[in-house]
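Report on the structure given below.
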Amino acid sequence: MICSSAGFDLTPIEADKRAEMARGLSAEVRHVLFEHGTEPPFCGGLLHEKGDGTFVCALCSLPLFRSTAKFESGTGWPSFREPYAPDHLCEIRDASHGMVRTEIRCARCDSHLGHVFPDGPAPTGLRYCLNSAALRFEKAT
């Protein structure tokens with residue numbers, strides 16, 4: 001088992017298990033996670049989520065962001081200052097759409113989540129811009 005800095009299993013998920021996990025997901029979620037899709041701005045179900053809890057990967061449930069790191073960016077997508085743990089995300093250079101960006105993926109299941117930009121608030125200066133379809137919100141208990 002590969003353990004994250006926060007104590008979670010980061011062992012990569014094999015392709016057949018990943019496909020099995022995806023069976024119950026909607027077409028929109030599969031499009032975002034597996035085809036690097038983007039949901040329309042201001043339409044995501046988690047954009048206005050303000051509860052206390054954790055945003056987890058929609059496929060493998062790895063904790064990705066705490067609700068305390070969420071902020072209103074005005075971009076139309078859920079935005080966060082910092083990840084739950086840095087090693088829960090993988091960063092990939094993305095030169096699509098005529099620009100260079102940094103794509104973020106789930107470190108365990110390699111699902112596309114969104115992008116990170118250097119225009120966020122203090123203290124990190126980062127804006128992790130996520131698709132609601134890539135996340136599931138788990139309320140704190």
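Key figures
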| item | result |
| --- | --- |
| Every residue from segment 24-61 that is in contact with a Cys (Cβ under 6 Å, 6 or more places away or on another chain) and aliphatic (A, V, I, L, M) | L59 |
| Search result, residues across segment 3-35 that are open to solvent by 80 Å² or more (accessible area, probe 1.4 Å) and in contact with a Lys or Arg (Cβ under 9 Å, 6 or more places away or on another chain) | P12 |
| Flag for E91 being more than 26 Å from R18 (Cβ to Cβ), open to solvent by 70 Å² or more (accessible area, probe 1.4 Å) and not aromatic (F, W, Y) | no |
| Test: residue in segment 40-52 that is more than 23 Å from F117 (Cβ to Cβ), open to solvent by 60 Å² or more (accessible area, probe 1.4 Å) and aromatic (F, W, Y) | no |
| Search result, residues across segment 96-108 that are out of contact with any helix residue (DSSP H, G or I) (no Cβ under 6 Å at 6 or more places or on another chain) and open to solvent by less than 60 Å² (accessible area, probe 1.4 Å) | S96, R101, T102, E103, I104, R105, C106, R108 |
| Matching residues, segment 120-141, being in a strand (DSSP E or B) and surrounded by 12 or more Cβ atoms within 10 Å (Cβ to Cβ) | R127, Y128, C129, L130, L135, R136, F137, E138 |
| Among (1) under 10 Å from the mean Cα position of the chain (by Cα); (2) part of a helix (DSSP H, G or I) - the single one G114 does not satisfy | (2) |
| Qualifying position, being free of Cβ contacts under 8 Å to residues at least 24 places away in the same chain and on the phi > 0 side of the Ramachandran plot, among G24, G7 | G7 |
| Elements of type strands (runs of 3 or more DSSP E) contained in segment 30-95, each with 2 or more residues being touching a Phe, Trp or Tyr at 6+ places or on another chain (Cβ under 9 Å) | 53-57, 63-66 |
| Unique match (being in contact with a strand residue (DSSP E or B) (Cβ under 9 Å, 6 or more places away or on another chain), touching a residue at least 60 places away in the same chain (Cβ under 8 Å) and not polar (S, T, N, Q)) among C109, C129, C60 | C109 |
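The values are calculated or read from the model by the stated rules, or taken from the named source; none is laboratory data. Note that the coordinates shown come from a computational prediction; the quantities given were computed from them, not determined experimentally. Virtual Cβ from ideal backbone geometry, glycine too; neighbours counted across all protein chains shown. Just the protein is used for accessible areas: all its heavy atoms, side chains included, with ligands, DNA and RNA removed. Shrake-Rupley method; radii C 1.70, N 1.55, O 1.52, S 1.80 Å.
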